[in-house]
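The values are calculated or read from the model by the stated rules, or taken from the named source; none is laboratory data. Note that the structure is a prediction, hence the values are computed from the model and not measured. Quick reminder, even Gly has a Cβ in these numbers, built from the backbone with ideal geometry, and neighbours come from all protein chains shown. For the accessible areas, the whole protein counts, side chains as well, though only heavy atoms, and no ligand, DNA or RNA atoms are used. Shrake-Rupley method; radii C 1.70, N 1.55, O 1.52, S 1.80 Å.
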Amino acid sequence: TGNCDSYRNFISKGLRCLWNIPNTEVYRNAHHSLERFCFQSSQLLGKKITSLQISSAGQLPCHFSPWNVQIIRSFHTSPSFQAAPAPLFWIIVKPAQKLFAIILGRSIRNWWKALPPNKRELLKESARKNKWKILLGASSLGVVFVVFYFTHLEETPITGRARLLVFGKEHFRELSQMEYEMWMEEYKSQMLPETDPRYQVVERVVGHLAESNKDIPEVSALNWGIHVVDEPGVNAFVLPNGQVFVFTGLLDAVSDIHQLSFILGHEIAHAVLEHAAEKASLVHFLDFLSLIFLTVIWAICPRDSLAVVGQWIQSKLQEFMFDRPYSRTLEAEADKVGLEFAAKACVDVRASSVFWQQMELAETIQGQPRIPEWLSTHPSHENRAERLERLIPQALKIRESCNCPSLSGPDPRLIFRLNMQHLLESSKEREPPNSTKQDLSKPKLDFAHT
């Protein structure tokens, strides 16, 4: 296991860093949170932010800062596109291949239409006589794809899951440098300096996670770089080369240092498990297969308009049947490994599920529509929280094996449930006298006066 003895020093330094933020109020007694919601904000550099908090006894105060920030419609802790670009030759060749498939399919259709009826019948008769040869040729092509797939399987670090990996890992990390430069150029005017307390918080959390998990070769092999972007979006991601990007909106959304540690552990897991290269490999493989279907669609459709519709249907089927479910699988794996990273760093792993419950409640109160999970690249907040609840007992055992200090104070999950109960009761009390029914799933509270 990692160096768990640095836990006390980490927490004390983190507390000094957090409590030195100007004009920041920190609730010292978490027990009062059982009786009322603790919506708290602080003033930093002329902007309203919510302080990251942890009590001196290690207790988690009740603090739902998502109400104080504008939460994006679908929170995700990864960039909206692949974590690194595909190889340059593929970026150029991929559109050309699709165009070639469309031209080929359309040419076959026009050639067939131009044939005299008697020649069409001769070709049909020849196809019937040689159907086994045609079937054998198609099967041989299928065998080539199967052999290619199984000869490019590798084991995922830590989890041991078999996965397709077409691109070289080291080469892919080198290519990620291109995207790193792109992000730095885009956010160069919004990067927080190293003297900013928010930057120091993120630096300490990432450093502690890396130090506590340095026994894992993939963790110690990366040089971690910290970049905090002054953006309201609730987001964070780690590039394959170890460059960590955190938006200040995420710092506003977490309730304490434990939730932040879990989220960053999740993002570090993405880099350690090489999910970017894995996802790019799958997309590369599926796109190559889709060229065959694309050619067939343009060959058999009687008109170009129908072929366009068929191509759109084919792309959507691939997206919703393969791409998005696979992306959700990678997110679930990163949650599991990230929770283990946090446990080895002596984090209160019970706070992990609470974060997603807070996010779900925040979206409900703000009236944001719920998107079905099958339409998203990430698991729903509810399913994510439930899955983490099942993983927490094992994570607590890992934490105990690292000789971490015992968890003191109330369970943050209990605090959240009590606050939920209080919220629903308050919502019911504020129900107008002439109202006979109220949707408790969307309580309407004046948070400005809570």
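Key figures for this structure:
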item	result
Filter result for residue 226 (over 20 Å from the mean Cα position of the chain (by Cα) and either aliphatic (A, V, I, L, M) or more than 23 Å from residue 276 (Cα to Cα) (or both))	no
Subset tally (residues that are closer than 18 Å to residue 300 by Cβ and either of a type in the set (A, V, I, L, M) or loosely packed, with under 12 Cβ neighbours inside 10 Å (or both)) for segment 98-111	7
Any hit, segment 303-318, residues being in contact with a Cys (Cβ under 6 Å, 6 or more places away or on another chain), open to solvent by less than 50 Å² (accessible area, probe 1.4 Å), without any contact (Cβ under 8 Å) to a residue 60 or more places away in the chain and small (Gly, Ala, Ser)	yes
Yes/no for residue 350 being under 29 Å from residue 417 (Cα atoms) and not polar (S, T, N, Q)	yes
Residues (among the hydrophobic types (A, V, I, L, M, F, W, C), under 17 Å from residue 258 (Cα atoms) and open to solvent by less than 10 Å² (accessible area, probe 1.4 Å)) located in segment 202-233	202, 205, 206, 209
Identity of the residue in segment 234-249, surrounded by fewer than 24 Cβ atoms within 10 Å (Cβ to Cβ) and of a type in the set (S, T, N, Q), that ends up nearest to residue 271 (Cα to Cα)	241
Qualifying residue in segment 238-253 (condition: out of contact with any helix residue (DSSP H, G or I) (no Cβ under 8 Å at 6 or more places or on another chain) and part of a strand (DSSP E or B))	yes
Qualifying residue in segment 345-366 (condition: farther than 15 Å from residue 266 by Cα, open to solvent by 60 Å² or more (accessible area, probe 1.4 Å) and part of a helix (DSSP H, G or I))	no
Residue 406 vs. criteria open to solvent by 10 Å² or more (accessible area, probe 1.4 Å) and small (Gly, Ala, Ser)	yes
Options 360, 340; residue that is closer than 25 Å to residue 398 by Cα and among the acidic types (Asp, Glu)	340
Sole residue being more than 30 Å from residue 145 (Cα to Cα) and in a helix (DSSP H, G or I), chosen from 194, 179, 174	179
So residue 267, is it under 26 Å from the mean Cα position of the chain (by Cα), on the phi < 0 side of the Ramachandran plot, open to solvent by 10 Å² or more (accessible area, probe 1.4 Å) and modelled with pLDDT of 95 or more	no
Index of the failed condition, residue 114 passing every other in (1) under 21 Å from residue 285 (Cα atoms); (2) of a type in the set (Gly, Ala, Ser); (3) open to solvent by 70 Å² or more (accessible area, probe 1.4 Å)	(1)
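Quick grid of which residues meet (1) part of a helix (DSSP H, G or I); (2) basic (Lys, Arg); (3) within 23 Å of residue 292 (Cα to Cα); (4) modelled with pLDDT of 90 or more:
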| residue | (1), (2), (3), (4) |
| --- | --- |
| 125 | yes, no, no, yes |
| 132 | yes, no, yes, yes |
| 135 | yes, no, yes, yes |
| 138 | yes, no, yes, no |
| 141 | yes, no, yes, no |
| 144 | yes, no, yes, yes |
| 147 | yes, no, yes, yes |
| 154 | no, no, no, yes |
